[in-house]
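Inspection log for the structure reproduced underneath, given as structure tokens.
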Amino acid sequence: MVNTNEKNKAPLDGARELAKIIIEGIQEKKGSGIVVVDLSGIEGAICRYFVICQGNSPMQVEAITDSVEEFAREKAGEKPVRIAGRENATWVAMDYTDVMVHIFVPDMRAYYSLESLWQDAPIEAIPDLD
């Protein structure tokens, strides 16, 4: 029997695989400060994983957004349910149901500090690529 979340039909490992593919898309455009917040053990969480990263400028945030969208579509057959924030590209949120992607410029990331909202969830830092 496959372990599934009641709200969503995808297996837990499928969400983790999607998160890994999303990370590849972020790294393709030199996104940095990548963290994965594992919310799968948090009752009432809106998704299983938050993937949070940053780009140095709105232009880079937009490039990362495009790359994540392309990687998820081509490698996992997934399209986001919704993308918010593209018009300003200082904080873009991409909703893949089981995985939420947040792409910030540095000052917005520091201001909102999403990682601190989930102190009881495991957080994995992904090393920046050179």
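Which members of region 61-85 meet the condition of being of a type outside the set (Val, Ile, Thr) and under 18 Å from LYS30 (Cα atoms)? Break it down into steps so the answer makes sense when it comes.
Of the residues in region 61-85, the ones of a type outside the set (Val, Ile, Thr) are 62-63, 66-67, 69-80, 82, 84-85.
Hits for region 61-85 are GLU62, ALA63, ASP66, SER67, GLU69, GLU70, PHE71, ALA72.
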Original post:
If GLU69 passes every condition in (1) closer than 23 Å to ALA121 by Cβ; (2) within 12 Å of the chain's Cα centre (by Cα) but one, which one does it miss?
Top reply: (1)
Original post:
What about GLU70, is it at pLDDT 95 or above and within 12 Å of ILE103 (Cβ to Cβ)?
Top reply: no
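The values are calculated or read from the model by the stated rules, or taken from the named source; none is laboratory data. Bear in mind that the values here come from a model prediction, so they are computed numbers and not experimental data. Here Cβ is always computed from backbone atoms with ideal geometry, including for glycine, and neighbour counts include all displayed protein chains.
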